[in-house]
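Okay, structure first, notes after.
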Amino acid sequence: MRKYEIMYIVKTNLEEKDIKSLNESLQEIFKLDDSKIVEFKELGQKKLAYPIKKEVNGLYFLLTVEANNQAVNEFKHKISINENVLRHLIVKLDEE
């Protein structure tokens with residue numbers, strides 16, 4: 001198991017129930033395998049440095065997980081095809 005930090009930005013025009021549903025579906029990927037979610041933070045709405053898909057603001061989320069490669073690849077696939085996610089970044093953390 002490796003530790004990953006994932007940040008993603010969601011459109012601000014979504015309803016709260018849709019945002020909650022999106023977060024739950026993305027987190028569900030890490031609940032299936034031996035993977036576990038270490039931390040989940042909602043960082044709030046922030047102004048983007050430049051417009052993305054005609055959006056100037058975004059809702060930021062930070063997810064820290066311990067997962068295998070297969071779960072991370074599944075997450076990458078699912079988040080990249082979701083039209084409500086503006087950007088995402090997955091960083092593998094160093095082993096301590």
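Taken together, the values in this text are just the output of simple stated rules run on the coordinates, not laboratory data. Keep in mind the model is a prediction, meaning the values are calculated, not measured. Here the Cβ is made from the backbone with ideal geometry for all residues, glycine too, and neighbour counts use every protein chain on show.
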Self-check item: Cα Rg, Dmax, region 2-87, angstrom units
Solution: 12.9, 38
Quiz item: Residue by residue through region 46-56, which ³J(HN,Hα) values in whole Hz follow from phi under the Karplus form 6.51 cos²θ - 1.76 cosθ + 1.60 (θ = phi - 60°), with glycine and proline marked x?
Solution: 9, 6, 6, 5, 8, x, 10, 6, 6, 9, 10
Quiz item: Using a simple spin-label model with points 7 Å from Cα along the Cα→Cβ vector, what separation in nm is obtained for K76 and V38?
Solution: 2.0
Quiz item: Where does each of Y50, Y4, Y60 land when they are ranked from fewest to most other beta-carbon atoms within 10 angstrom?
Solution: Y50, Y60, Y4
Quiz item: K76: which lysines have alpha carbons under 17 Å from its alpha carbon, excluding same-chain residues fewer than 8 sequence positions away?
Solution: K3, K31, K36, K92
